[in-house]
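Have a look at the structure below, then the notes.
The values are calculated or read from the model by the stated rules, or taken from the named source; none is laboratory data. These figures come from a predicted structure and were not determined experimentally. Don't worry about glycine lacking a Cβ; one is built from the backbone with ideal geometry, like all the others, and counts go over all protein chains shown.
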Amino acid sequence: MTKVIYHLPDGTTQQIDVDPGETIMNASLRNNLPGIVAECGGSCACATCHVHLPQEHSHHFAEPTDEETDLIAYLDAADDDSRLSCQLVIGNSDDEIHVHVADSR
Ligand code: FES
């Protein structure tokens with residue numbers, strides 16, 4: 001069970017336990033957290049699930065696909081830590097993973 005700490009757009013944090021195989025996006029929606037909208041439902045087509053993933057946590061996830069990188073390039077708030085949370089699948093780890101949620105509303 002991985003603990004994901006969501007740093008939310010309003011400055012608060014929420015800690016969620018996430019099972020392997022679930023995405024950061026899905027766990028956010030499941031807990032009604034603000035910020036991640038996920039209009040396309042996780043198909044890597046909308047970029048309304050934008051998060052900033054600090055470098056020290058990036059090794060938990062696969063490298064972004066070209067599709068993901070192309071979508072991120074259109075975001076005003078994009079930076080080197082930008083990822084689409086529907087593409088961030090939790091693996092087998094007991095670590096804590098921090099993500100900073102962009103406001104996609
Ligand atoms: S939910 Fe649409 S790109 Fe992630």
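Go through Gly11, Gly41 for me and flag whichever is more than 16 Å from the ligand (Cβ to nearest atom) and over 11 Å from the mean Cα position of the chain (by Cα).
Result: Gly11 is the single residue among Gly11, Gly41 that is more than 16 Å from the ligand (Cβ to nearest atom) and over 11 Å from the mean Cα position of the chain (by Cα).
Could you please find all residues in the range 53-69 being within 14 Å of the ligand (Cβ to nearest atom) and closer than 16 Å to Tyr6 by Cβ?
Across the range 53-69, the qualifying residues are Leu53, Phe61.
Name, by its number, the condition in (1) in a loop (DSSP other than H, G, I, E, B); (2) hydrophobic (A, V, I, L, M, F, W, C); (3) more than 16 Å from the ligand (Cβ to nearest atom) that does not hold for Leu75.
(3)
Results for (1) modelled with pLDDT of 95 or more; (2) assigned to a loop (DSSP other than H, G, I, E, B); (3) of a type in the set (Val, Ile, Thr), shown as yes or no for each residue.
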| residue | (1), (2), (3) |
| --- | --- |
| Tyr6 | yes, no, no |
| Gly21 | yes, yes, no |
| Ala27 | yes, no, no |
| Thr48 | yes, yes, yes |
| Asn92 | no, yes, no |
| Asp103 | no, yes, no |
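Confirm whether Cys49 is within 10 Å of the ligand (Cβ to nearest atom) and touching a Leu at 6+ places or on another chain (Cβ under 6 Å).
yes
Considering only the range 65-77, I want to know if a residue exists there that is over 16 Å from Asp103 (Cα atoms), in contact with a strand residue (DSSP E or B) (Cβ under 6 Å, 6 or more places away or on another chain) and among the charged types (D, E, K, R).
Checked against the condition, which is being over 16 Å from Asp103 (Cα atoms), in contact with a strand residue (DSSP E or B) (Cβ under 6 Å, 6 or more places away or on another chain) and among the charged types (D, E, K, R), the range 65-77 yields at least one hit.
Quickly run through the range 73-97 and pick out the residues that are under 16 Å from Leu8 (Cα atoms) and buried (at least 18 other Cβ atoms within 10 Å of the Cβ).
Answer for the range 73-97, where residues must be under 16 Å from Leu8 (Cα atoms) and buried (at least 18 other Cβ atoms within 10 Å of the Cβ): Ser82, Arg83, Leu84, Ser85, Ile97.
Just checking, which of Asp66, Asp70 is surrounded by 12 or more Cβ atoms within 10 Å (Cβ to Cβ) and at pLDDT 95 or above?
Only one candidate passes the filter, namely Asp70.
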